[in-house]
Amino acid sequence: MKTIATKPNQVSANSGGNPDCEKIVSLLDIIIDGEATEEDRTYFFSHVETCQECFAAHQKHEQLKRFLRENIQRKVVPTNLLSSIQSVIKTTA
Amino acid sequence: MSDQRGSQLTKEEKDARFEAELLPIIDPLYNFAFRLTLDEDDANDLVQETYLKAYRFFEYFEQGTNAKAWLFRILKNSFINDFRKKSKQPAKVDYSEVESYYNTEGNDNDAEIASTSDMRSQSVQELIGDEVASALNSLPVDFRTVIILCDLEGFTYEEMAKILDIPIGTVRSRLHRARNFLKEKLEGYAKTMGYNNEEDNDE
Ligand SMILES: [Zn+2]
């Protein structure tokens, strides 16, 4: 975990201006969505191992994804929708 | 109109293929339509329209390719062109009652929390669902869409880029912003529901 000293920081969400941490935050989505390259993953997980803040940010991001999947209730398709589509199709040339 | 492409198929063959390959996707398609329109009747109409268009242009669908992505793309375009203008505003629901319930009752001490989670069956589950849905619905539609496609329907970035006609980089940045927005919205609420365990790690 190297701390690279001051870059005039704009305050960014949880990075404290550390460019490594900023890069980690930008990788969060491709990591939790399974879209990261092997290289990205290696970089990401070796940083997260030692950086508490990025570890927490990763947890949170992942939890949100799971939370949405588990709690958004799916709608039941109205019973007559399928049959009405089928009958329109039948009469369409 | 009497283009000869794809006319190798008789109507029976075409209908059979259409039924086998496209109709099974009605469930995710209807859910997508509902999450976009936030209205059951509109969702119903949108799905009908989508299938009708898909039928008319079925010759352009290459067999064996991603039927789900193809239909989602048609639906999303129909939504933008025909529905978006006239679609009703999402009903404003007041969730402050729910929030204050958890803030006052749930946080007091462990006993309170324990008894809360005993009742964490049906009704509480429904409250969570409502709360999460309302947070999702409050997102601008472009951001809501990427969350639905990615987290609820499991599309890849590449598929999303095709469905939405945007570059993969835009998919990625929209997802990031949408998630940050949702985290903010759900944070205070979620703390009491055990979604956010950060406090436990503080020492
Ligand atoms: Zn870090």
*Kirkwood Rh in Å, taken over all unlike Cα pairs in the range B:19-81*: 11.6
*When you look at the Cβ of every residue in A:34-44, what mean number of other chain Cβ atoms sits within 10 Å?*
1
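None of the figures in this text is laboratory data; all of them are computed from the coordinates on show. Keep in mind that what you see is a predicted model, and the values were worked out from it rather than measured. Here the Cβ is made from the backbone with ideal geometry for all residues, glycine too, and neighbour counts use every protein chain on show.
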